[in-house]
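Read-outs throughout are calculated quantities, based only on the coordinates presented, and are distinct from any laboratory measurement. Please read all numbers here as calculations on a predicted model, not as lab measurements. Don't worry about glycine lacking a Cβ; one is built from the backbone with ideal geometry, like all the others, and counts go over all protein chains shown.
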Amino acid sequence: DGGITQSPKYLFRKEGQNVTLSCEQNLNHDAMYWYRQDPGQGLRLIYYSQIVNDFQKGDIAEGYSVSREKKESFPLTVTSAQKNPTAFYLCASSPSRRTGTDTQYFGPGTRLTVL
Amino acid sequence: GDSVTQMEGPVTLSEEAFLTINCTYTATGYPSLFWYVQYPGEGLQLLLKATKADDKGSNKGFEATYRKETTSFHLEKGSVQVSDSAVYFCALFSGGSNYKLTFGKGTLLTVNP
């Protein structure tokens, strides 16, 4: 089945540690995205990538980093510089660089809790 | 900048009641509009979309019409079921060089038997 997988589903981190969230897609999509979801705030864009080896900051990129070495993969690292990392993280992809009418498809999410 | 405003929830209805969730937007140009649904503990799923004025998106009994004159995209369903209980997000994409969706804050719907 084609789709987007995120792992792990739940992740616990101690303060001061970096942690990497995995996102893989087998839909052959060019574009991939990372969103953060907090209660009552909707989704906010962290980073996005329109093509391999290229990515851009979204609205809340501070304290996060990404890489796009393969078309299928777009891992997100939450660094110790992120002041309030506890949240639900969603990865998405869309078919092409021009996403005007292209639908974004979402993974099941990773819930990160900082202890 | 682009923005989406949804009616605040939570919304609680009885089974078979009529549902409306209001959504209005501010955007430059001619945005595409979307409704996504999120079931508890899951990611978002596309519910329906409309790409130009007067288009009606529909899926699973839900409908929304792209109204450019009122900058609205209200979600409706004639008879809700318990299984429709979820969070609903209105979103827009308005093109340009910033390839992203702008989301509303979401509306929690609870349907009681």
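Quick check: pseudo-label points 7 Å beyond the Cα along Cα→Cβ at A:Thr86 and B:Glu42, how many nm apart are they?
Those two pseudo-labels are separated by 2.7 nm.
In region A:39-83, what is the volume of the convex hull around the alpha carbon atoms, normalised per residue and reported in Å³?
Output value, Cα hull per residue: 88 Å³.
Report relative contact order for region B:62-113 in percent, whole number only (criteria: Cα-Cα under 8 Å, sequence separation at least 6).
Relative contact order for region B:62-113 comes out at 33 percent.
Applying a 10 Å radius around every beta-carbon, put A:10-21, B:22-33, A:102-113, A:73-84 in order of their mean neighbour count, most first.
Packing proxy ranking, top to bottom: A:102-113, B:22-33, A:73-84, A:10-21.
Relative contact order for chain B: what percent, with Cα pairs under 8 Å and sequence separation of 6 or more?
Details: 294 pairs, mean separation 41.0, N = 113.
So the answer I get is 36 percent.
Between A:Glu69 and B:Ser83, what FRET efficiency follows from the Cβ-Cβ distance if R0 is 45 Å, with the result rounded to 0.05?
About 0.65, to the nearest 0.05.
How many nm is it between the label spots at B:Asn112 and B:Ser3, if each spot is 7 Å from the Cα in line with the beta carbon?
Each label point is offset 7 Å from its Cα along the Cβ direction, giving 3.4 nm.
Mean separation of Cα pairs under 8 Å and 6+ residues apart, divided by the residue count of chain A: what relative contact order is that in percent?
The value is 35 percent.
In whole Hz, with x marking every Gly and Pro, tabulate ³J(HN,Hα) for region B:41-54 from phi via Karplus 6.51 cos²θ - 1.76 cosθ + 1.60, θ = phi - 60°.
Coupling constants for region B:41-54: x, 10, x, 8, 10, 5, 9, 6, 8, 9, 10, 8, 4, 6 Hz.
Debye calculation, C-alpha points only, no solvent: report log10 I(q)/I(0) for chain A at q = 0.12 Å⁻¹, in the same order as the q values.
Log10 I(q)/I(0), no solvent term: -0.38.
Label A:Ile51 and B:Glu15 with points 7 Å out from Cα along Cα→Cβ: what is the distance between them in nm?
It works out to 5.3 nm between the two label points.
Let me check the size of the protein assembly as shown from its C-alpha atoms; what are the radius of gyration and Dmax in Å?
For the protein assembly as shown, the Cα radius of gyration and maximum Cα-Cα distance read 17.5, 51 Å.
Any number yet on Rg/Rh for chain B, C-alpha, Kirkwood?
Radius of gyration over Kirkwood radius for chain B works out to 0.97.
Kindly provide the pair-distance distribution of region B:16-78 built from C-alpha pairs, with 10 Å bins from 0 and whole-percent values in order of increasing distance.
Each 10 Å bin holds this share of Cα pairs: 21, 52, 24, 3.
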